[in-house]
Amino acid sequence: MSHKMSERMKRMFLMAVLSMLVGILCAQDIYVYSVIGQAEKQENGKWVILQKRNALKMDDVVRVADNSALSIIDRKAEKIYSISQTNSKKVSELIANYKGKQSYAANFVSHASKSLFNGGTDKISNDAAGCTYRGDIIENDIAKALIAKAKGVSMSNFNNATTDYQISFEILDRESKQPLGNEVVIDKQAIFRIKNMSDVPLYVNILDINQLNEKYVCLPIDDATTMSHLLIPANCTIDLVAYPIEFAEPKGVDNLMLIATEVPYDLRQVKKYLEKVDPASVKSSSYPVGVYSKNITVK
């Protein structure tokens, strides 16, 4: 009786071990983190639109459309890879190609992964909650870096040569996708075309400073403040078609400032620091920030 019981327990133990091994071997680690524009996966001879949280295998073949971006998260390796336009390629090949250009927010990946899978909201709005995943506040560092780079002059006269990353933007008509130059019309919808010419992916947003020195955040922020929808791959051009903007009164000259960093940030908090920090108290800053400032006429 005891011998039979022992054999049965051995079999149950072996089955449990095999089940665990299968679970480990089949564990899913790669997922779609975000899509800007359009990205697709080949499935049963057809191209299927990729969406946030879709599982990916290393041998899956994907493609990313022009002026679009696909970001994927490797939960096991704790890496986020931001991929620009590409023809049909395997996920394994893309990861190998982008290993030197992954998102460097190492302390952020755990938060991003939890946000992706804990059933939390994906709401994107300008009323989103502030950052809660980190103890330090980088928004103050970003504000001080901007003040230091301005060197005492108005933000409308900002020297773009002081940027730490090569970035720029254009404003396009939402319907025709034609550049609007430096003039925009009130209540007419437009989109931003972001150019990241640096060798690293960057999280971006744009601050609008009007003639009354009122400051407005142009691009929305998600509830979890991951900014995954505003993660721009290295060396590429991205159209933010999902986030159109409209300019409003007062008419005149506005200063638009594109701000980019290697880690996600809350531009609303940066704006608050810019408004309360005494510029005279900021002599220098070593915090790396990409800046591109442009004056536009609102009419």
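Values quoted throughout were computed directly from the atomic coordinates according to the rules given, and no laboratory measurement underlies them. It should be emphasised that the depicted structure is a prediction, and the values quoted were computed from it without experimental measurement. All Cβ positions, glycine included, derive from the backbone under ideal geometry; neighbour counts span all protein chains shown.
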Flagged links, alpha-carbon separation over 18 Å, of K46/K79; K149/K299; K151/K195; K188/K299: K46/K79; K149/K299; K151/K195
Charge dipole magnitude, Cβ of K and R +1, D and E -1 - the range 172-299, Cα centre, debye nearest 20: 260
Relative contact order computed over the range 26-102 (Cα-Cα under 8 Å; 6+ residues apart), in percent: 31
Student exercise, the range 207-265 dipole from Lys, Arg, Asp, Glu Cβ charges, in Debye to nearest 20: 120
Net charge of Cβ neighbours under 9 Å - reference L172; Lys, Arg +1; Asp, Glu -1: 0
Net charge, M257 excluded, C-beta distance under 13 Å - Lys, Arg +1, Asp, Glu -1: +2
Spherically averaged projected area of the range 146-257 from its Cα convex hull (nm²): 7.7
Cα centroid separation, the range 204-277 to the range 140-173 (Å): 12
Computed E for N182/T162 - FRET, C-beta separation, R0 25 angstrom, nearest 0.05: 0.75
Efficiency of FRET between S286 and S110 - r from beta-carbon atoms, R0 30 angstrom, step 0.05: 0.70
For L212, net neighbour charge (Lys/Arg +1, Asp/Glu -1) across residues whose Cβ lies under 14 Å away: -3
